[in-house]
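Quick notes on the structure that follows.
The values are calculated or read from the model by the stated rules, or taken from the named source; none is laboratory data. Since we're looking at a predicted model, the values are computed, not measured. Cβ atoms come from the backbone with ideal geometry, glycine included; neighbour counts cover every protein chain shown.
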């Protein structure tokens with residue numbers, strides 16, 4: 001496919017694709033989830049971006065990122081950009097669209113000291129797998145093992161803090177594990193989503209080796 005048939009659009013700046021601010025590429029139509037709206041109202045002015053990859057006039061990929069202080073992950077770092085999400089539809093696999101989206105993020109945030117995200121291992125979701133993030137250029141810094149309190153009781157999986165420095169001698173980020181155990185509230189399809197119907201503050205339980 002020629003480059004002219006592929007484009008990446010920042011939908012925080014294009015009203016035409018605004019519905020994708022509130023939903024994923026597939027699944028039910030946007031319900032303008034209240035916690036998502038609240039998150040975006042605070043994050044966009046601080047530098048949040050969500051971009052779509054459009055190939056042959058069809059939306060087939062997305063990436064979402066923000067400065068660490070505007071990310072919904074409890075990742076802390078000096079001038080660190082955090083990738084909240086990256087997703088390429090299965091039907092569009094095999095074209096290196098994931099790397100293309102990451103490269104676009106890096107080129108857009110040239111002054112960042114580096115890029116951080118999370119990855120999962122032995123989780124039942126097909127998303128955020130550690131090997132996928134490593135393929136995109138991220139390396140693990142540290143990890144914890146956890147169990148989900150409402151799904152797949154007893155199954156232990158790993159959560160990794162992933163890092164890709166952008167400048168030499170950049171200081172790696174850290175994370176707040178206590179907050180991480182609370183899960184994610186502003187993305188209803190995230191593997192670590194904490195639904196409003198689950199009352200305990202933490203939806204994940206740390207597993208001690």
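Got a sec? Which strands (runs of 3 or more DSSP E) wholly within the stretch 90-203 have at least 3 residues that are under 27 Å from residue 10 (Cβ atoms) and under 14 Å from the mean Cα position of the chain (by Cα)?
Output list reads 114-121, 156-165.
Residues satisfying the criterion are absent from the stretch 141-155 (criterion: closer than 23 Å to residue 49 by Cα and without any contact (Cβ under 8 Å) to a residue 60 or more places away in the chain). Those residues that are touching a strand residue (DSSP E or B) at 6+ places or on another chain (Cβ under 8 Å), at pLDDT below 95 and either surrounded by 20 or more Cβ atoms within 10 Å (Cβ to Cβ) or within 19 Å of residue 76 (Cβ to Cβ) (or both), I need them from the stretch 150-169; list them, please. Residue satisfying the conditions is 167 alone.
Of all the criteria given as (1) loosely packed, with under 13 Cβ neighbours inside 10 Å; (2) modelled with pLDDT of 90 or more; (3) not in a helix (DSSP H, G or I), the one not satisfied by residue 32 is (2).
Filtered by the rule that a residue be surrounded by fewer than 23 Cβ atoms within 10 Å (Cβ to Cβ) and in contact (Cβ under 8 Å) with a residue 60 or more places away in the chain, the stretch 80-96 gives 85, 87, 89, 95. Taking residue 162, is it in contact with a helix residue (DSSP H, G or I) (Cβ under 6 Å, 6 or more places away or on another chain) and either closer than 26 Å to residue 36 by Cα or without any contact (Cβ under 8 Å) to a residue 12 or more places away in the chain (or both)? So residue 162 fits the description; yes. Inspect all residues belonging to the stretch 1-22 and state whether any of them is under 15 Å from the mean Cα position of the chain (by Cα), in a helix (DSSP H, G or I) and at pLDDT below 95. Yes, the stretch 1-22 contains a residue that is under 15 Å from the mean Cα position of the chain (by Cα), in a helix (DSSP H, G or I) and at pLDDT below 95.
Going by the structure shown, is residue 86 modelled with pLDDT of 95 or more, over 15 Å from residue 172 (Cβ atoms) and not in a helix (DSSP H, G or I)? Quick ask: steps written out before the conclusion?
Numbers: modelled with pLDDT of 95 or more: yes; over 15 Å from residue 172 (Cβ atoms): yes; not in a helix (DSSP H, G or I): yes.
So residue 86 fits the description; yes.
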